[in-house]
1. Mind putting a number on the dipole of the stretch 61-178 about its Cα centre? Charges go on the C-beta only, +1 for Lys and Arg and -1 for Asp and Glu, and I need it in Debye to the nearest 20.
2. How would you order 42-49, 94-101 from highest to lowest mean count of nearby Cβ atoms within 10 Å?
3. Show which aspartates and glutamates lie in cross-link reach of residue 158 when reach means a straight Cα distance below 16 angstrom and same-chain residues fewer than eight apart are skipped.
4. When the chain is fully extended, how far beyond the present Cα-Cα distance does residue 57 get from residue 142, taking 0.36 nm per residue of separation?
5. Can you tell me which of 85-92, 56-63 comes out highest on packing, and rank the rest after it, using the mean Cβ neighbours within 10 Å?
Amino acid sequence: MSSVSFNFPSVTLSATCIPAGDGVSGKIVVDMALATLGFTAGNGAGQINRVFRKNFTLAGAASEIINLFDFSDGGPDPVEDVLGRPFALTKVKGLIVQVTSATASASVELGGEGSSAAWKGINGSGTVKIADVEAGTPYLWFNRTGKDVTDATDHLLKLLNSHPSAPVTVAIFVLGSQ
């Protein structure tokens, strides 16, 4: 059994990704985690049916571009969830970003990818940053109806290490539907 968990000051998300042996208790844990955030399982308003999580380290001044549609890195193989289903998000309904580096000055700039394919979901702009995310203070964003994701034209989210030379470790958690 695999699990997804994030621990933030005052917020803890922990959800079993593959149902437990009885086939029910794992679903209950997932449903309870979603309900805590005001969501249920599904693809309508107030519902989430896909979760993506990634932990990574960025070198000084380096960036990571996340494809919110299918989370691919440009390779030939599709990215799949823990149940083997390929991602094809149409809505992002939640975004959690946490800088997990121990250095207090560690931070990342979220958004502002700049191309015509930049995701404009939160602030309506692909060139203006969404937020600065500092170590110890997670960025949390949720929207019950979700913000559109369109493959090729509205799907790239940039995370840029704000420090010119020190590496930064980041965790991102994307909740969505397709």
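1. Numbers: 8 positive and 13 negative charges, 85 e Å.
About 420 debye.
2. Working: 42-49: 16.0, 94-101: 21.8.
Order by mean packing, descending: 94-101, 42-49.
3. Here the aspartates and glutamates satisfying the reach criterion relative to residue 158 are 64, 70, 73, 109, 113, 132, 134.
4. Working: separation 85, 0.36 × 85 = 30.60 nm, distance 2.46 nm.
28.1 nm is the gain from fully extending residue 57 to residue 142.
5. Numbers: 85-92: 18.6, 56-63: 13.8.
So the peptides 85-92, 56-63, ranked by packing, come out 85-92, 56-63.
Each reported figure results from applying straightforward, stated rules to the coordinates on display, with no laboratory input. All figures in this text were calculated on a predicted structure; none of them were measured in a lab. In this analysis, Cβ positions are derived from the backbone assuming ideal geometry, glycine residues included, and neighbour counts consider all displayed protein chains.
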